[in-house]
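**Student:** Attaching a single structure in structure tokens format; questions to follow.
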Amino acid sequence: MENNDKLFYRKNFIWNVINDEEKQGVFDLGDDYKKFIDASKTERLSIREIVRRAEENGFVNIEDLQEIKPGTKYYYVNKGKDAVLAVAGNERLENGMNIVGSHVDSPRIDLKQNPLYQEHGLTLLKTHYYGGIRKYQWVAIPLALYGTVVREDGEIIDVAIGDDENDPVFYITDLLPHLAKDQNDKKLSDAIEGESLNVIIGSLPADSNDEGTKFKLNVLKLLNGKYGMIEEDFQTAELEIVPAGKSRDVGIDRGMIMAYGHDDRVCAYTSLKAILELNNPEKTAIALFADKEEVGSNGSTGMHSLFFSNLAAEIIAIENNGNYCERKLKKAMANSSMLSSDVAAGLDPTYPQVSEKQNAAVMGQGVAMIKYTGSKGKSGANDANAEYIGKLRRLFNDSGVIWQSAELGKVDQGGGGTIAYIMANYNMDVVDLGVPVLSMHAPFEIVSKTDVYMTYKAYKTFYNKF
Ligand code: MN
Ligand code: MN
């Protein structure tokens with residue numbers, strides 16, 4: 001046997017394998033992705049940008065559909081925080097769907113419901129962080145304020161301050177090193193406490209004799225002038241503090257992108273791009289964009305909610321002239337195949353000790369497939385079936401999709417989960433497949449443009465050929 005090379009498993013860097021046309025595609029896609037993520041600073045804004053692009057590409061709101069024919073492109077939005085895009089297949093829904101499912105919420109800092117206070121010449125906002133942030137990373141950086149306020153008169157107001165270059169930003173202070181002796185002695189995880197993430201929103205007093213309220217009053221006057229808000233409106237608001245600033249290229253070769261919220265908007269973007277370019281698939285193609293993944297997928301917009309299976313029921317009813325059949329719904333779900341499209345932890349050369357190198361996602365070596373997530377003995381894992389992975393492997397290898405399998409990190413080092421295990425409850429095949437990220441959950445994370453491109457190619461191949 002001469003060709004021993006064939007016996008070994010080897011990984012490649014995408015950049016060394018793709019041709020010039022694909023290399024151009026890597027940079028073009030990176031540029032479009034930056035536009036997407038800059039427009040998608042919150043889950044609501046992500047859904048709006050997804051719907052905007054969907055409509056631009058001929059997708060129609062399901063509420064405006066009379067019938068679903070092969071090739072019909074439509075979308076559904078749940079409470080402004082989830083979206084589902086579909087391209088109807090030649091086969092009926094009960095034969096199963098090809099689903100790519102991501103999430104559009106990212107770790108951030110939410111305002112409390114009664115957030116505003118003044119102290120020692122400053123006006124501040126009390127917060128409660130959302131998702132797994134490392135709190136020390138969110139101090140002393142420029143921050144933006146986004147969200148939705150429901151006023152007493154029922155008016156719904158969009159708030160967005162901090163990303164326009166003429167906007168002010170917001171700020172959470174940290175101690176000066178000169179006075180940080182006690183803080184320096186604390187564990188990193190305790191050095192900045194949740195109740196210390198107070199955001200400065202103002203520093204000038206109103207012209208008032210009431211010392212106890214004049215700083216607050218000034219902020220309230222400005223908010224009232226801009227949004228018609230009064231203080232009680234905070235109670236009925238969802239206001240989020242996110243890093244201010246746009247995405248940027250990283251490195252002198254511009255091979256990477258730094259942005260807030262790659263987890264998981266980079267997978268949302270790549271699946272969106274793939275489904276927007278899809279025509280006449282065999283099986284109905286679904287791009288699913290979920291909320292609340294970072295806090296356990298609960299609530300009416302989290303993946304534990306029934307919104308997706310309710311939608312599938314609706315599609316079956318439309319396909320069958322208004323006659324809903326539960327058996328068909330159950331078959332549709334169980335016959336489906338899904339890529340849970342969430343980011344993977346990239347192998348960081350500065351912190352290799354947390355990864356097991358042979359089973360870690362290397363930056364630039366392709367879309368990462370994670371057979372199982374979970375922690376401490378695969379606990380909580382959706383451990384995908386070898387038969388399903390085998391089918392994907394053949395398809396990807398035949399189609400020039402460069403992929404690598406990965407684990408989050410070393411066994412017993414930690415762990416995490418995605419929406420994979422929730423969808424697997426319907427008895428569908430699900431495996432995690434997404435973009436490797438460095439500094440996951442930091443205010444700014446980084447990805448390789450080559451991996452973003454290859455993830456898009458993987459989803460496109462899945463929709464077209466699986
Ligand atoms: Mn994620
Ligand atoms: Mn995450």
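**Student:** Any residue at all in the range 271-278 that is closer than 30 Å to Lys34 by Cβ and in a loop (DSSP other than H, G, I, E, B)?
**Tutor:** Narrowing the range 271-278 to residues closer than 30 Å to Lys34 by Cβ: 271-278.
Still in the list and also in a loop (DSSP other than H, G, I, E, B): 277-278.
Taking every residue of the range 271-278 in turn, at least one turns out to be closer than 30 Å to Lys34 by Cβ and in a loop (DSSP other than H, G, I, E, B).
**Student:** Check off (1) without any contact (Cβ under 8 Å) to a residue 40 or more places away in the chain; (2) within 16 Å of ligand 2 (Cβ to nearest atom) for Phe289 and give me the number that stays unchecked.
**Tutor:** Failed condition: (1).
**Student:** Does the range 200-208 contain any residue that is crowded, with 21+ Cβ neighbours inside 10 Å and more than 19 Å from Lys35 (Cα to Cα)? Give the steps one after another, and end with the answer.
**Tutor:** Taking the range 200-208 and keeping what is crowded, with 21+ Cβ neighbours inside 10 Å, we get 201-202.
Still in the running and more than 19 Å from Lys35 (Cα to Cα): 201-202.
Yes, the range 200-208 contains at least one residue that is crowded, with 21+ Cβ neighbours inside 10 Å and more than 19 Å from Lys35 (Cα to Cα).
**Student:** What are the residues in the range 249-263 that are out of contact with any helix residue (DSSP H, G or I) (no Cβ under 7 Å at 6 or more places or on another chain) and within 14 Å of ligand 1 (Cβ to nearest atom), if any?
**Tutor:** Initial filter on the range 249-263 (out of contact with any helix residue (DSSP H, G or I) (no Cβ under 7 Å at 6 or more places or on another chain)): 249-254, 258, 260, 262-263.
Listed by number, the residues that qualify are Tyr260, His262, Asp263.
**Student:** So is Glu294 within 16 Å of ligand 2 (Cβ to nearest atom) and part of a strand (DSSP E or B) or not?
**Tutor:** Values: within 16 Å of ligand 2 (Cβ to nearest atom): yes; part of a strand (DSSP E or B): no.
Taking the combined requirement at face value, the residue does not satisfy it.
**Student:** Do we have any residue at all in the range 338-352 that's on the phi > 0 side of the Ramachandran plot, free of Cβ contacts under 8 Å to residues at least 40 places away in the same chain and not small (Gly, Ala, Ser)? Please lay out each step first, then the result.
**Tutor:** Let us first name the residues in the range 338-352 that are on the phi > 0 side of the Ramachandran plot, namely none.
No, the range 338-352 contains no residue that is on the phi > 0 side of the Ramachandran plot, free of Cβ contacts under 8 Å to residues at least 40 places away in the same chain and not small (Gly, Ala, Ser).
**Student:** Looking at Leu143 and the list (1) assigned by TED's automatic domain parsing to the domain that holds Leu217; (2) buried (at least 21 other Cβ atoms within 10 Å of the Cβ); (3) within 16 Å of ligand 1 (Cβ to nearest atom); (4) of a type outside the set (Ser, Thr, Tyr), which single condition is not satisfied?
**Tutor:** It is condition (3) that Leu143 fails.
**Student:** Which of the residues belonging to the range 408-453 are assigned to a strand (DSSP E or B) and not acidic (Asp, Glu)?
**Tutor:** Kept after step one, since they are assigned to a strand (DSSP E or B), are these residues of the range 408-453: 415-416, 429-434, 436-438, 445-448.
Scanning the range 408-453 gives Gly415, Gly416, Val430, Val431, Leu433, Gly434, Pro436, Val437, Leu438, Ile446, Val447, Ser448.
**Student:** Report, ordered by the first and then the second residue, all pairs with beta carbons closer than 6 Å, sequence separation of six or more or different chains, a first member in the range 407-432 that is within 19 Å of His304 (Cβ to Cβ) and of a type in the set (Asp, Glu), and a second member that is part of a helix (DSSP H, G or I) and within 16 Å of ligand 2 (Cβ to nearest atom).
**Tutor:** From residues that are within 19 Å of His304 (Cβ to Cβ) and of a type in the set (Asp, Glu), the pairs are Asp432/Ala420.
**Student:** Then there is this: From Glu56, Glu63, Glu94, grab the single residue that is more than 23 Å from Thr270 (Cβ to Cβ), surrounded by fewer than 18 Cβ atoms within 10 Å (Cβ to Cβ), in the same structural domain as Glu319 (by TED's automatic domain parsing) and not polar (S, T, N, Q).
**Tutor:** On the way: Glu56 fails: more than 23 Å from Thr270 (Cβ to Cβ); Glu94 fails: surrounded by fewer than 18 Cβ atoms within 10 Å (Cβ to Cβ).
Result: Glu63 is the single residue among Glu56, Glu63, Glu94 that is more than 23 Å from Thr270 (Cβ to Cβ), surrounded by fewer than 18 Cβ atoms within 10 Å (Cβ to Cβ), in the same structural domain as Glu319 (by TED's automatic domain parsing) and not polar (S, T, N, Q).
**Student:** So, in the range 65-88, how many residues would count as being charged (D, E, K, R) and closer than 17 Å to Asn320 by Cα?
**Tutor:** Applying the first criterion (charged (D, E, K, R)) to the range 65-88 yields 67, 69, 73, 79, 81-82.
In the following step, the residues that additionally are closer than 17 Å to Asn320 by Cα were identified as 67, 69.
Number satisfying all stated conditions: 2.
**Student:** Mind counting the residues in the range 158-170 that are crowded, with 16+ Cβ neighbours inside 10 Å and closer than 18 Å to Val219 by Cα?
**Tutor:** First, pick out the residues of the range 158-170 that are crowded, with 16+ Cβ neighbours inside 10 Å: 159, 161-163, 169-170.
From the residues that got through so far, the ones that are closer than 18 Å to Val219 by Cα too are 159, 161-162, 169-170.
The number of residues fulfilling the criteria is 5.
**Student:** Starting from residues that are among the β-branched types (Val, Ile, Thr), assigned to a helix (DSSP H, G or I) and out of contact with any Lys or Arg (no Cβ under 9 Å at 6 or more places or on another chain), keep the ones in the range 1-50 and report whichever is farthest from Glu445 (Cα to Cα). Steps first, answer last, please.
**Tutor:** Taking the range 1-50 and keeping what is among the β-branched types (Val, Ile, Thr), we get 14, 17-18, 26, 37, 42, 47, 50.
Next cut, assigned to a helix (DSSP H, G or I) only: 14, 17, 26, 37, 47, 50.
Next, from what is left, pick out any that are out of contact with any Lys or Arg (no Cβ under 9 Å at 6 or more places or on another chain): 14, 17, 50.
Details: Ile14: 21, Val17: 26, Ile50: 21 Å.
Selected residue: Val17.
Residue-wise test of (1) small (Gly, Ala, Ser); (2) within 15 Å of ligand 2 (Cβ to nearest atom); (3) modelled with pLDDT of 95 or more.
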| residue | (1), (2), (3) |
| --- | --- |
| His103 | no, yes, yes |
| Ser106 | yes, yes, yes |
| Asp110 | no, no, yes |
| Asn114 | no, no, yes |
| Tyr117 | no, no, yes |
| Thr123 | no, no, yes |
| Ile133 | no, yes, yes |
| Leu143 | no, no, yes |
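**Student:** A further question on this structure: Any idea which residue in the range 384-437 is nearest to ligand 1 (Cβ to nearest atom), counting only those that are surrounded by 14 or more Cβ atoms within 10 Å (Cβ to Cβ) and of a type in the set (Lys, Arg)?
**Tutor:** So, considering only residues that are surrounded by 14 or more Cβ atoms within 10 Å (Cβ to Cβ) and of a type in the set (Lys, Arg), the one nearest to ligand 1 (Cβ to nearest atom) is Lys410.
**Student:** If a residue must be within 16 Å of ligand 1 (Cβ to nearest atom), basic (Lys, Arg) and assigned to a strand (DSSP E or B), how many such residues does the range 82-136 contain?
**Tutor:** 1
**Student:** List pairs: first in the range 101-120 and touching a residue at least 24 places away in the same chain (Cβ under 8 Å), second acidic (Asp, Glu) and more than 11 Å from ligand 1 (Cβ to nearest atom), Cβ under 7 Å, 6+ apart or cross-chain?
**Tutor:** Close Cβ pairs satisfying both conditions: His103/Asp291; Val104/Glu43; Val104/Asp291; Asp105/Glu43; Asp105/Asp291; Arg108/Glu240; Asp110/Glu240; Leu116/Glu231.
**Student:** Return the residue satisfying two criteria in turn: it lies in the range 252-270 and is assigned to a helix (DSSP H, G or I) and away from ligand 2 (no atom under 15 Å from the Cβ), and of such residues it is nearest to Lys79 (Cα to Cα).
**Tutor:** Residue satisfying both the conditions and the ranking: Tyr269.
**Student:** Looking only at the range 352-376, count how many residues are touching a Phe, Trp or Tyr at 6+ places or on another chain (Cβ under 7 Å) and not in a loop (DSSP other than H, G, I, E, B). Don't jump to the end; show me each part of the working.
**Tutor:** Applying the first criterion (touching a Phe, Trp or Tyr at 6+ places or on another chain (Cβ under 7 Å)) to the range 352-376 yields 364-367, 369.
Now drop any that are not not in a loop (DSSP other than H, G, I, E, B), which leaves 367, 369.
So the count comes out to 2.
The values are calculated or read from the model by the stated rules, or taken from the named source; none is laboratory data. What you see is a predicted model; the values in this text were computed from it and never measured. Quick reminder, even Gly has a Cβ in these numbers, built from the backbone with ideal geometry, and neighbours come from all protein chains shown.
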